[in-house]
Amino acid sequence: MMTIPKPIRITALFIYILFIFYLAFRNAYLTSLYNLPKWLIPAIFLASILYICYEYIKLKMKEDKLESEIISIVNHTFRTPITSIIWHTKELEKNIPQNEKLLYIQNINNSTSKLLNTIDILVGIKNIKNTSGYSFQATSIREIVEKSIKKHRDQINKKGITFQIPTFKDIPLLTVDLKKISFVVDTIIENATFYANQNGRIIVDCVSNPKRIVLYISDTGIGLSMIDKMMLFSKFYRGRRAKLMNTDGMGLRLYLSKQIIKRHNGRIYAKSNGRGEGTTFFIELPFSR
C-alpha cells in the first residue's frame, strides 16, 4: 500500500480545515441556495472538529507509547551486557585460576559483541532504506545458510535440534548485498533455533525458477497467532510468547529484514497454523538486481 508523504497529508488537512470553516461562515447562504437543513453544515463542522481532535489524541498516545517502548527496550538491551561486562571485569581482578579468567574474558567479548550488534541494528533503522549503501555481488545462498548455522551451533546442540539442510543443487549464484542478506538469513535461523522446542526440528530448503529463488526455513517452535502474522514485520513488534521466552529482543530484526529484502526487489513472509504449530519463513529473491 502506498504511503502518502507527511507534507502532503498536512497540507490536505489544512485545506480541509479552511474548507469546513468556510462552510460554517457561509452557512445561511449555502442552506438557502441549495435548500439544505440549517443544522447540516454545523453538524459537519462539529463532527470534523471532533474527528480531528480524536486523531490528534490517538497520535499523541501512540507516540507516548512508542517512546516508552523504545526507552524500555534500549535500557534493557544495553543494561544487561554492560552489567555483565562490569561483573566479569571485577571478577578478573581476583586471584582466580587461568581457565576461569579465559572464560570471563570470553564472556566479556560476547557481551561486547552483543552491544555492537545492538548498535548496528539501531543504526540500521536509519540507513536500511538508503540503497546507495548496498554493495551487490554474486553470492552463494548455500554459504550464507551454512555460516549462519555454524554461528548458532552451540544453541542447536544444547537443545538437541535436528537440522535438515538441502544440497542446494542447481541453485545459481545471487546478486545481493552479502552482509545484509546474511543478516536476514541469520535473523530467521536464530529465531528458529531460539524458539524451537527441545529436540525439535528445523528444515531449510531452496527452490528456484527462471526468475527467482525461494529459500524457506521451517521450525517446530511456538508458532504464530493471527495478530503475530499481521504484525510480525512491524517496527518494535514482539509477540507475547516471544517476550516471555526472550526478554532481550528489540522487535527490530524482522522489520529490518523486510526492508532489506524489499530493497532487493524480493519478498519475505511467514506462515503458521497457529500457536505451538511452528513457523515457516519464506525469502524470495530475484536472480538479478
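The values are calculated or read from the model by the stated rules, or taken from the named source; none is laboratory data. What you see is a predicted model; the values in this text were computed from it and never measured. Here the Cβ is made from the backbone with ideal geometry for all residues, glycine too, and neighbour counts use every protein chain on show.
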Legend entry - Filter result for Asn95 (modelled with pLDDT of 65 or more, among the polar types (S, T, N, Q) and in a helix (DSSP H, G or I)): no
Legend entry - Neighbours by Cβ (under 6 Å, 6+ apart or cross-chain): first from the range 96-109, under 11 Å from Ser84 (Cα atoms); second assigned to a helix (DSSP H, G or I): Tyr104/His88; Tyr104/Glu91; Tyr104/Leu92; Asn107/His88; Ile108/Ile85; Ile108/His88
Inset, instruction - State all residues of the range 253-283 that are closer than 18 Å to Met231 by Cβ, touching a strand residue (DSSP E or B) at 6+ places or on another chain (Cβ under 6 Å) and hydrophobic (A, V, I, L, M, F, W, C); if no residue qualifies, say none. - result: Ile261, Ile268, Ala270, Phe281, Phe282
Legend entry - Selection count, the range 145-174, where residues are more than 19 Å from Phe194 (Cβ to Cβ), touching a helix residue (DSSP H, G or I) at 6+ places or on another chain (Cβ under 7 Å) and of a type in the set (A, V, I, L, M): 2
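Residues checked against (1) surrounded by fewer than 20 Cβ atoms within 10 Å (Cβ to Cβ); (2) within 27 Å of Glu143 (Cα to Cα); (3) in contact (Cβ under 8 Å) with a residue 60 or more places away in the chain:
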residue	(1), (2), (3)
Ile189	no, yes, no
Asn197	yes, yes, no
Asn209	yes, yes, no
Ile217	no, yes, yes
Lys235	yes, no, yes
Gly239	no, no, no
Ser257	no, yes, yes
Ile261	no, yes, yes
Arg275	yes, no, no
Inset, instruction - Note down all Cβ pairs under 6 Å where the first residue falls in the range 46-65 and is of a type in the set (Lys, Arg), the second is part of a helix (DSSP H, G or I) and modelled with pLDDT of 70 or more, and they're at least six residues apart or on different chains. - result: none
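Taking the options Leu224, Leu178, name whichever one is surrounded by 14 or more Cβ atoms within 10 Å (Cβ to Cβ), under 26 Å from Arg238 (Cα atoms) and at pLDDT 85 or above.
When all the criteria are applied, what remains is Leu224.
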Inset, instruction - For Lys6, indicate whether it is at pLDDT 85 or above and charged (D, E, K, R). - result: no
